[in-house]
Amino acid sequence: MAELKEAAAAQLHQEAVDNKRDGDEEDAPAAGVPVSDQSEAAADGDTKPSTTTSDRHISIQTKLEGLEVLVDLNGAGRKSCPLCPEEKFKACYSHKLRRHLQNLHWKVYVEFEGQRMCICHLPCRSLKPSLSGDQAPGRHMAHYHCVVCSVTIARKTDMVSHLKRHVNKGETEASYSGSLDVQLEEPAPSGQAYEIMKELGTNVQLLPNHTTPQKSDTYFNRKMKTNRQLVFCSLAVLAEERNPIECLDAFGATGIMGLQWAKHLRSAVKVTITDISDTCVKMIKENCELNHIRVEGGSRGPRGPDKASGEAETLAAVEVVKMDANVIMHLRPFDYIHLDPFGTAVNYLDAAFRNVRNLGIISVTSTDTGSLYAKSPNVTLRHYGCHIVRTEYYKELAARMVVATVARAAARCNKGIEVLLAVALEHFVLVVARVLRSPTQADESAKKLRKLVHCQWCEERVFLKLGNMVDDTLPCNCHGSLPGKTAVQLGHLWSGPLFNTGFLRRMLSAAVQHSMDDIQPLVKTLICESECTTLKSLVHGSSALTNQVECGVVIKTLQSGEEAGPADQSGKRKSGEESGSVVKKLKPDASLEHPPFYYSIHRHSIRGMNMPKLNKFLQYLTEAGFRVSRTHFDPTGVRTDATLQQFKSVLTKYSVPTYSNAATSQTSVSSEKSA
């Protein structure tokens, strides 16, 4: 009996569809006509968007009127639902059927590119056979019809995941139906539609699956905007020191970073973008045309305008090369190299330090946060040669681990480094270092690689000095009061400073000059962190900037030529009396380096006590005679030269008991009851 009802429901459904099609279009294509002929016939008539192709199910609509058109709601008599069988929803009058379509089918849906895949209760899915082998009678499962491939899926979450897989593969509704009305001037490969994205005044074309690196060569991550702006500011600072400079974007992908360099810094830089993928190289060249940037070949020629007056004048020129990053860094020297591979960058550091010029800059972006943040210790030991554990200061631990790897790679090429910037955020770790050519500088950098002693109980930490025992090094008394081994050795890690104040101040000026409002608060926090101060405002302009001294080398700043002097313009090592004055400047600056690591105020809070506000607590530490600042690594972290015991003593002194008021009120109530 159930099978007869299902057959009758299916027949009613087919009749409704036929009546609707006959009423809308008299010249509808027959069932045996090929798909190409049907699309041509549909183009001649005015058809609904939901019926442009033969494989589109009636449950997929763009408007509520599309569902109501399936049934003649203006006619008299009882009518059946076009998306429900008779046993699911019995025939009723028009007002009840309209309310049923609105409250059930139209509200329970999955949306994709403006199309609603409404819930369907028709017997479109075959019933699972029972243990005896026959199909058991019962209600059919509700399901959705995919707008791309017409497959039926029961659960809404499964349909959403199914559509995401289509997007990652570049398969959209338009590529299947063939109903794309507006064609792009440059169609993407395999019929995929481009998406235009604008960042920092630069337009780039993106494929639909640009967020999945396993599925697309032209990977693009919108969350890395902060990283791209920090790298841009560091390059802008280097462009002020020497002009022009040759810079390399070793992993172009869409080419957005190199295009931003060329578009905003113009003739101050000679940009080279390289990638090993043919698809990426093709897209980079298309993005150059999109931004009116001239593409140069393998050999650099003159950079004058080569277009006619009728065409748009090119703003700059870049060199696009299809080559492995290691190969091009071995073949050619550069002043600025940026490494941003997918994952770790340790495989490219040796080639980067081979031909980088003296006083050049190398920026390294590592996105393998699983190994950097101690989630995969075995991968950390394999890639970085470090043993680490999860700590409260794990982000700074990751930054120091990457800097140590960079320093070891530089030392193998008889070069030292001066860390200008080290940032660790949620998605990446960025290290910007200046290269100093000399075996002496390499030895000085290697001396800053030390082991870190970490207490697993109170999380006190200190860099290990030569000749000291592990348990006697820590200032805490956890080893004497607790049984077993409480301290572990981590590293080797970079024990030197992570920031250069003069370089950060010039980065802030570059960010203001190029209207990068997003990273200005971050750079201000980095400046306060490098100076270990709690200044809330920074003064811009030449009066606030001083000469930047890096390892005995005076670097030109934004001061005027009269103040800086002719000797500062060369950017070379000073000699004679001026060299001695530089050494004298370095001695007091060494004692003013920011203290390593930070403490989290929430991690060391006292149970049952209300902590003071963070800014108030910083003031209390300053009054106690300690250097304090906030840190970008942790919004609740405090960077200070106080030990953990001193940190806790100040925190305990200014904390208030949580239940003091509740306890006094409770005692007063109990006294009233006793009275």
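The values are calculated or read from the model by the stated rules, or taken from the named source; none is laboratory data. Everything quoted here is computed from the prediction, not taken from an experiment. Positions of Cβ are backbone-derived with ideal geometry, glycine not excepted, and every protein chain shown enters the neighbour counts. Calculation scope for accessible area: heavy atoms of the full protein, side chains included, ligands and nucleic acids excluded. Shrake-Rupley method; radii C 1.70, N 1.55, O 1.52, S 1.80 Å.
Here Ala446 and Lys285 are evaluated by their C-beta separation; at R0 = 56 Å the FRET efficiency comes out at 0.85. Using the Cβ of Arg639 as centre and a radius below 12 Å, the other residues enclosed give a net charge of -4, where K and R count +1 and D and E count -1.
For Ile276 and Lys613, the difference between the fully extended length at 0.36 nm per residue and the C-alpha to C-alpha distance is 116.2 nm. Listed values for the stretch 640-649 are Karplus-derived 3J(HN,Hα) couplings in whole Hz (6.51 cos²θ - 1.76 cosθ + 1.60, θ = phi - 60°), namely 8, 8, 6, 6, 5, 5, 5, 4, 5, 5, and x replaces Gly and Pro. Protection proxy ranking for 379-389, 611-621, using the average of other Cβ atoms within 10 Å per residue and placing the highest first: 379-389, 611-621. Measuring against 31 Å, Cα to Cα, the residue pairs Lys451/Lys653; Lys448/Lys524; Lys448/Lys653; Lys164/Lys263; Lys223/Lys270; Lys164/Lys225 contain Lys451/Lys653; Lys448/Lys653; Lys164/Lys263 as the ones spanning a longer distance.
In this rough spin-label picture, where each label sits 7 Å from Cα along the Cβ direction, the Ser655-Asp517 distance is 4.0 nm. Summarising the amide proton neighbourhood of Leu420: residues at separation of 5 or more, or on other chains, whose placed amide H is nearer than 5 Å comprise Val432, Ala433, Arg434. Annotation: peptides 232-244, 515-527, ranked by per-residue average of other Cβ atoms within 10 Å with the highest first, follow the order 232-244, 515-527. The modelled label-to-label distance for the pair Glu87/Lys375, using points 7 Å beyond Cα in the direction of Cβ, is 4.8 nm.
Given the C-alpha centroids of the stretch 358-398 and the stretch 249-289, what is the distance between them in whole angstrom? Value for the Cα centre distance between the two parts: 28 Å. Applying 1/(1 + (r/R0)^6) with r as the Cβ-Cβ distance of Thr533 and Cys478 and R0 = 30 angstrom yields a FRET efficiency of 0.45. Computed from backbone phi, the HN-Hα couplings of the stretch 619-624 come to 5, 5, 5, 5, 5, 7 Hz, rounded to whole numbers (Karplus: 6.51 cos²θ - 1.76 cosθ + 1.60, θ = phi - 60°; Gly and Pro given as x). Computed over every Cα-Cα pair of the stretch 308-457 and binned at 5 Å starting from 0, the pair-distance distribution P(r) comes out as 2, 9, 17, 20, 17, 13, 8, 5, 3, 2, 2, 1, 0, 0, 0 percent. Converting phi to 3J(HN,Hα) with the Karplus coefficients 6.51, -1.76 and 1.60 and the offset θ = phi - 60°, the stretch 446-463 yields 5, 5, 8, 8, 9, 7, 10, 9, 10, 8, 6, 8, 9, 6, 6, 8, 7, 6 Hz in sequence order, with x at every glycine or proline. For the stretch 98-118, the residues whose backbone nitrogen is under 12 Å from a point 7 Å from the Cα of Thr62, taken along Cα to Cβ, are 113-116.
Here's how it looks for His143: its modeled amide H is under 5 Å from those of Cys120, which are all 5 or more places away or on a different chain.
Sort 418-429, 91-102 by packing, meaning the average of other beta carbons within 10 Å per residue, with the highest value first. Walk me through the intermediate numbers first.
Details: 418-429: 20.7, 91-102: 15.1.
Result, highest mean first: 418-429, 91-102.
Computed with a 1.4 Å probe on the full set of protein chains, the accessible area for Arg354 sits at about 130 Å².
Across the stretch 400-481, the mean sequence separation of Cα contacts (distance under 8 Å, 6 or more residues apart), normalised by length, yields a relative contact order of 22 percent.
When Trp106, Trp457, Trp261 are compared by accessible surface with a 1.4 Å probe, the order from highest to lowest is Trp457, Trp106, Trp261.
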